[in-house]
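Here is the structure we will look at, set down as structure tokens.
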Amino acid sequence: MPVNEQQLREDMCEIARMMAAKGFICGPAGNISARLGDDRYLLTPTMFFKQKLKPEQLIIINGQGEKVGPETDATREMKPTSEVPMHLGIYKTRPDIGGVVHAHPVNCVALTAAGKPFRPQVLTEGMLFLGAIGVAEYATPTTQELGDRVAETVVDHDCVVLPYHGVIVGGSDMWDALAKLEVLDQVAEICGKVNAMGGEVPLDRKHVAGMLELRKKYGMNRDSDCDLLE
């Protein structure tokens, strides 16, 4: 087994434990993936408590969602996450993405259920690290329809909100994706508190523009950043 694959396996298990500890996932929910290269992807298995995962229990699939590589006692009965369409949709749309995390953070889901927008403008780090937040049209979880809608939205967004469901976030690797997920949850929590306090007092447009310039300086900018100026 290549050293980098083993490291990815260990990192994926650690990230799963961190996501559970932070309350981003519970029970057997949520999933994580990483690009291995050569049309191969490492994924968490379906219907398994992610915080109990071991490196040898992770599954490799190809671009068609089929299990590939030698099976072991640890993976023979395992099936890849049921959200494969979302993960593959992101990888095929965004060659720059190397890791994806999907979770159901309470703050994020609550905002969608209340019909409230995600406003990265409430937090400087939200504007810097996230840019504009994409919102996919609702579709039933696990379906190809949802995968297609995520693929359409992720074209120009790293973070995609799934109404009444959760979020899916892509990054240069799994750690980058997790970092964005943490900031996204913080943004959602602040938005919720601001709404409860009577509403946001918007930051001056020139200051938002300043944050977007800083984002551009660090090479994080995307075309959708201009949405934050509206």
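No value in this document is a laboratory result; all are computed from the given coordinates. Remember, it's a predicted structure, so these values are computed and weren't measured experimentally. When we count neighbours, we look across all protein chains shown, and the Cβ atoms used for this are built from the backbone with ideal geometry, even at glycine.
Of note:
- Failed item, numbered, when GLY98 is tested on (1) within 20 Å of HIS165 (Cβ to Cβ); (2) within 15 Å of the chain's Cα centre (by Cα): (1)
- Scanning the range 130-148 for residues that are in a helix (DSSP H, G or I) and surrounded by 22 or more Cβ atoms within 10 Å (Cβ to Cβ) yields LEU130, LEU146, GLY147.
- ILE61 vs. criteria hydrophobic (A, V, I, L, M, F, W, C), surrounded by 20 or more Cβ atoms within 10 Å (Cβ to Cβ) and not in a strand (DSSP E or B): no
- Members of the range 40-81 found to be out of contact with any strand residue (DSSP E or B) (no Cβ under 8 Å at 6 or more places or on another chain), touching a residue at least 12 places away in the same chain (Cβ under 8 Å) and among the polar types (S, T, N, Q), listed by number: GLN51, THR72
- Among residues of the range 146-169 that are touching a residue at least 12 places away in the same chain (Cβ under 8 Å) and on the phi < 0 side of the Ramachandran plot, those with a Cβ under 9 angstrom from a residue that is crowded, with 24+ Cβ neighbours inside 10 Å and among the acidic types (Asp, Glu), sequence gap 6+ or separate chain, pair up as LEU146/GLU83; GLY147/GLU83; ILE168/GLU83; VAL169/ASP158.
- Condition check for HIS87: in a strand (DSSP E or B) and of a type outside the set (Ser, Thr, Tyr): no
- Pairs, first of a type in the set (Asp, Glu) in the range 173-188, second crowded, with 24+ Cβ neighbours inside 10 Å and in a helix (DSSP H, G or I), C-beta under 8 Å, six or more apart: ASP185/CYS108
Condition check ((1) surrounded by 15 or more Cβ atoms within 10 Å (Cβ to Cβ); (2) not small (Gly, Ala, Ser)) across all residues:
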residue: PRO85; (1), (2): yes, yes
residue: ASP96; (1), (2): no, yes
residue: ALA103; (1), (2): yes, no
residue: GLN121; (1), (2): yes, yes
residue: LEU128; (1), (2): yes, yes
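- Residue match in the range 53-69 (condition: within 30 Å of GLU189 (Cβ to Cβ) and among the charged types (D, E, K, R)): no
- When restricted to residues that are assigned to a helix (DSSP H, G or I) and within 15 Å of the chain's Cα centre (by Cα), the range 105-124 contains 4.
- Leading residue by the ranking (nearest to LYS22 (Cα to Cα)) among those in the range 180-199 that are surrounded by fewer than 18 Cβ atoms within 10 Å (Cβ to Cβ) and of a type in the set (Gly, Ala, Ser): GLY192
- Pick from the range 30-59, criterion of a type in the set (A, V, I, L, M) and in contact with a helix residue (DSSP H, G or I) (Cβ under 8 Å, 6 or more places away or on another chain), ranking: farthest from HIS165 (Cα to Cα): LEU36
- Tally, over the range 210-222, of residues that are part of a helix (DSSP H, G or I) and either farther than 18 Å from PHE118 by Cα or touching a strand residue (DSSP E or B) at 6+ places or on another chain (Cβ under 8 Å) (or both): 6
- Residue list for the range 21-58, filter: among the aliphatic types (A, V, I, L, M), part of a loop (DSSP other than H, G, I, E, B) and surrounded by 15 or more Cβ atoms within 10 Å (Cβ to Cβ): ILE25, ALA29, LEU53, LEU58
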